[in-house]
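What follows is a single structure, written as structure tokens, with notes after it.
Bear in mind that the values in this text are calculations on the coordinates, not laboratory data. From a predicted model like this one, the values you see are computed outputs, not experimental measurements. Positions of Cβ are generated from backbone atoms using ideal geometry, with glycine treated the same way; all protein chains shown enter the neighbour counts.
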Amino acid sequence: MLELSHISKTFNPGTANERKALVDLSLKVPDFDFISIIGSNGAGKSSVFNAIAGSFFTDSGSILLDGEDITLQPEYVRARNIGRLFQDPMRGSAPGMTIEENLSLAASAGRKSWFSHISKKDREAFRERLSLLGMGLEDRMQQPVGLLSGGQRQALTLMMATFHPPKLLLLDEHTAALDPATADKVLALTKEIVETNHLTCLMVTHNMQTALDLGNRTLMMDHGRIIYDVRGDERSKLTVNDLLVLFRKAVGKNLDNDRMMLG
Amino acid sequence: MASILQTALELGLISSLTVLALFLSYTMLNVCDLSTDGCFTLGAVVGAVIALSGHPYLSLPAAMLAGMISGFVTALLQTKMGIDSLLSGIIVNTGLYSINIGIMGGASLLNMNKTETIFTQLKLLLKNTPLSGMYKTVAAVLAVLLVILFLSWFLRTRLGLAIRATGNNPDMVKSSSINPAFTTIVGLCISNSFTALSGCLLAQSQKSVNIDIGSGMVTIALASLLIGRAFAGRGGIARKACGAVLGAIIFRLIYAAALRFHMPAFMLKLVSSVIVIIAIAGPYLKSRYPEFHRRLTHKSGKGDA
């Protein structure tokens, strides 16, 4: 269970560039919720993720994960329980190191001694997990990650982030930089991994249809606030068009996102 | 001729420890550690002072510990104090100048002509063996082997992987629940201990130390590292590390050859600078060549045909 209570974040306060990224935002995410988040550019979608993951500290409010107050925990400490994928597939893995070495760092996080080596058992486990991706990466474990395509790297990052199921998975437009066919494949993998591991997951997407298709709950954000929160029967009846109408009613203007896809 | 080659080999091996230090900090951690010169002198000075006080064996770990402390400070400045990594190195380097003279008791030169050093000890040990004339080379080879073995073991441990990832993609290190500040600190402590060991061995092999012994070492070591990279090519850690050592030896051989063709000794540092410039600027300029070619062949207002 993730609990955000009244978190706020203002960048450059008191200057001409002041920007309120998050405004008194509260959110409860029960275990096993898979929430999609939509909103226009600058609505605060990524800021929520940054606040939860610890990329910055919020100005006020508190963040609880499974009852533990993580509001002031450094980013790398929170990473033990929070997996995160970014839009840029290059961000999640080290290109100069092999697939095996990358996986090993992710899989050993907080579990193995500083001086442990990759064991035969580790290799077998990596191989088995990689084969689930269906990309043939299990036969390329000694190759540097820099040789992989964007889609393969994003799939690998997904595997690394969920190697030991995290308490929370944050997906920040993680398919936006991929070509449509690869994006579909990574989305299908995401769905499968989230379901089999019973993960709690937040996903920012610019694709309205994906927002409705995946998960069990959808949030709409604007100006650092959550303006709409829908789940259950109400959500299953929604169409992309309904979302657009809802947005216009709530904000008084059209939902504009330069990468927004309606189909 | 044989003695010139042997001297080049000895010098190459001893300075290759600094090259291995840069292999860790520059190649792996992606930090250009400009405190290298001062740290090299620090190792030389500390080693000399301890040897002069009658502890030849203790001089090596003492020099390495001093290097480690210096590396710790350099790393602390760049990870916890918001000082740019290049600037941290320069600041520590400057500070070390005073510290080094202070350790030498205000002098800028120490003589170890009649001092028991690690080399005189080894000379005694190897007396009447076939290796007796090569005691310096033996000592240097031993040190280099130990460091290479250590690196090929260490860089495959979880901590070693984390250090390599820090230079490669710090974001990824954080998502593996590792603090990149910590890995940078550990990496620089280890690399600077090698640099100091290198300085300590050089001072003891030439039986004297002066305050300038380390000046220009960072460029010389970088030149060696880049020469070695060209020779070793792709491969595992051990192969790359051996390449670094080979680079250091080749550098000294080129230099010895140049001396024989009457290049004045003071040219050493200019040669090292030029090698670094060629090794780094060369690939860059090569990648820019198509653009340059396009400019040359462009005719305004005309189509391709």
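A few notes on this one:
- Candidate set from segment A:157-196 (those that are under 18 Å from A:Ser93 (Cα atoms) and acidic (Asp, Glu)); member that is surrounded by the fewest Cβ atoms within 10 Å (Cβ to Cβ): A:Glu173
- Identity of the residue in segment A:223-247, of a type in the set (A, V, I, L, M) and in a helix (DSSP H, G or I), that ends up surrounded by the most Cβ atoms within 10 Å (Cβ to Cβ): A:Leu243
- Those residues of segment A:123-150 which are within 11 Å of chain B (Cβ to nearest Cβ) and either closer than 16 Å to B:Ala162 by Cβ or within 21 Å of the chain's Cα centre (by Cα) (or both), in sequence order: A:Val145
- Qualifying residue in segment A:142-151 (condition: surrounded by 20 or more Cβ atoms within 10 Å (Cβ to Cβ), hydrophobic (A, V, I, L, M, F, W, C) and part of a helix (DSSP H, G or I)): yes
- Filter result (in contact (Cβ under 8 Å) with a residue 12 or more places away in the chain, among the acidic types (Asp, Glu) and farther than 30 Å from A:Asn207 by Cα) within segment A:72-131: A:Glu100, A:Glu101, A:Asp122
- The one condition in (1) under 30 Å from A:Tyr76 (Cβ atoms); (2) in contact with a strand residue (DSSP E or B) (Cβ under 9 Å, 6 or more places away or on another chain); (3) more than 14 Å from chain A (Cβ to nearest Cβ); (4) polar (S, T, N, Q) that B:Ser175 fails to fulfil: (3)
- Condition met for B:Ser208 (touching a strand residue (DSSP E or B) at 6+ places or on another chain (Cβ under 8 Å), more than 13 Å from chain A (Cβ to nearest Cβ) and not basic (Lys, Arg)): yes
- Every condition in (1) surrounded by fewer than 22 Cβ atoms within 10 Å (Cβ to Cβ); (2) facing chain B (nearest Cβ under 9 Å) holds for A:Thr71 except the one numbered (2).
- Residues that are more than 7 Å from every other protein chain (Cβ to nearest Cβ) and not in a loop (DSSP other than H, G, I, E, B), drawn from segment A:78-105: A:Arg78, A:Ile82, A:Gly83, A:Leu85, A:Pro89, A:Met90, A:Thr98, A:Ile99, A:Glu100, A:Asn102, A:Leu103
- Residue among B:Thr129, B:Thr157 that is among the β-branched types (Val, Ile, Thr) and buried (at least 17 other Cβ atoms within 10 Å of the Cβ): B:Thr157
- Residue match in segment B:184-198 (condition: touching a residue at least 24 places away in the same chain (Cβ under 8 Å) and either surrounded by fewer than 17 Cβ atoms within 10 Å (Cβ to Cβ) or more than 18 Å from B:Val92 (Cβ to Cβ) (or both)): no
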